[in-house]
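Below you'll find the structure, written out as structure tokens, and then a few comments.
The values are calculated or read from the model by the stated rules, or taken from the named source; none is laboratory data. As the structure is a computational prediction, the values presented were derived from the model and not from experiment. Using ideal geometry, Cβ is built from the backbone for each residue, glycine included, and neighbour counts are taken over all protein chains shown. For the accessible areas, the whole protein counts, side chains as well, though only heavy atoms, and no ligand, DNA or RNA atoms are used. Shrake-Rupley method; radii C 1.70, N 1.55, O 1.52, S 1.80 Å.
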Amino acid sequence: MDPWRPVDRAVVTHAHSDHACPGSRAYLTAKPGEALLRARIGSEGAIQPLDYGEAVTMNGVRVCLHPAGHILGSAQVRIESGGEVWVVSGDYKVEPDPTCTAFEPVLCDTFVTESTFGLPIYRWPAEAAVFADIRGWWAANQQAGKASMLFAYSLGKAQRVLAGLNPAVPIYTHGSIENFCRLYREAGVALAPTIHASAAPEATDWSRALILAPPSANGTPWMRRFGPLSTALVSGWMRIRGARRRRSLDRGFVLSDHADWPGLMSAIRASIRPGGASRVWVTHGYRAPVAQWLTQQGIDAQAVETRFESEQDETGAEPAEDEP
């Protein structure tokens, strides 16, 4: 599952680059994310798409995929063999999101959970309030004669922003975001109208515009065409004071496609059998604090090291899926 290097057959939870490695001979993934996975791995490799809940047998092991609520096509992997059930969560969030199928708890004997935001300080504000703040920032920039440059991860976060803002005028996009928007629309996801920024007329009044770009575009020559502007990032990392200053941003908006601390705890408890009959393996993020807390609550938990730790480290480096 989500192999770090090419293998004969890869089970992929979703199409972010730290989970979908190119070069494997065959891939198993959830049907809604098939086109995204193809865009990630290129033309090589056969992809077998599964409907959520549909099962296949691989070497005597029953495998099926269930919604993770992270991005379009994201899935948890349920594995059953000899009467024992394991579930590998991949990345997930529990809040509803119009751009993907909502997280579905799957009861199991061992739950392998991510913990990207596995500290009690990470608690997300209401999504509607975040979008209202973004609209207010955009309006204030228009009054000040500045373009609004909003940074968001190209795959998943940018599309969630577009679905949530849904303004009366088109939003301009960086090319890496526009490419994924096309795949979302082809999958039937309703997004706000967008215009690829490079295709905008020379006479465009950028002082009225909202431009959606990946974090990797911050500080690059690509930004110069827009004239005076205000910059902001939408990310769960904006919950920590100082993260915005390290990136030299004007604003930070807290919106994540991962579960916050209460979301992690609720998902874990909904996935394990009552009475201490299940194990929890914690990976991808703040492994040790989550495992320690669960152990204190009487749950058999342990931290498991992996190659990739989170969608973004605390220094502000963004993952490869956000490169132009």
Failed item, numbered, when Gly275 is tested on (1) farther than 30 Å from Phe131 by Cα; (2) at pLDDT 95 or above: (2)
message: Yes or no: the stretch 235-247 includes at least one residue that is over 27 Å from Val94 (Cβ atoms), in contact with a Leu (Cβ under 9 Å, 6 or more places away or on another chain) and surrounded by 15 or more Cβ atoms within 10 Å (Cβ to Cβ).
response: yes
query: Could you say whether any residue in the stretch 235-252 is assigned to a strand (DSSP E or B), within 25 Å of Thr173 (Cβ to Cβ) and either among the small types (Gly, Ala, Ser) or touching a strand residue (DSSP E or B) at 6+ places or on another chain (Cβ under 7 Å) (or both)?
result: yes
message: Looking at Ser207, Ser198, Ser216, can you tell me which residue is buried (at least 18 other Cβ atoms within 10 Å of the Cβ) and among the hydroxyl-bearing types (Ser, Thr, Tyr)?
response: Ser216
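Residue under question is Ala147, and the condition is that it be under 16 Å from Ile134 (Cβ atoms) and at pLDDT below 95; does it hold? Write out each step before concluding.
On the way: under 16 Å from Ile134 (Cβ atoms): yes; at pLDDT below 95: no.
No: the conditions fail for Ala147.
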- request: Having 3 or more residues that are in contact with a helix residue (DSSP H, G or I) (Cβ under 8 Å, 6 or more places away or on another chain) and modelled with pLDDT under 95 is the bar; report the strands (runs of 3 or more DSSP E) wholly within the stretch 33-86 that clear it.
  value: none
message: Go through (1) out of contact with any Ser or Thr (no Cβ under 7 Å at 6 or more places or on another chain); (2) touching a residue at least 60 places away in the same chain (Cβ under 8 Å) for Asp2 and report which single condition fails.
response: (1)
- prompt: Pairs under 6 Å by beta carbon, first residue in contact (Cβ under 8 Å) with a residue 40 or more places away in the chain and under 14 Å from Ala232 (Cβ atoms) in the stretch 202-213, partner open to solvent by 10 Å² or more (accessible area, probe 1.4 Å) and not polar (S, T, N, Q), six or more apart or different chains?
  reply: Ala209/Tyr172; Leu210/Trp138; Ile211/Tyr172; Ala213/His174
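Among the residues of the stretch 155-162, is there at least one that is part of a strand (DSSP E or B) and touching a residue at least 40 places away in the same chain (Cβ under 8 Å)?
So far as the stretch 155-162 goes, no, none of its residues is part of a strand (DSSP E or B) and touching a residue at least 40 places away in the same chain (Cβ under 8 Å).
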- prompt: Can you name the residue in the stretch 1-19 that is touching a His at 6+ places or on another chain (Cβ under 7 Å) and not charged (D, E, K, R) and is also nearest to Gly90 (Cα to Cα) among such residues?
  reply: Thr13
- prompt: Got at least one residue in the stretch 84-99 being open to solvent by less than 40 Å² (accessible area, probe 1.4 Å), of a type in the set (Gly, Ala, Ser) and over 20 Å from Gln302 (Cα atoms)?
  reply: no
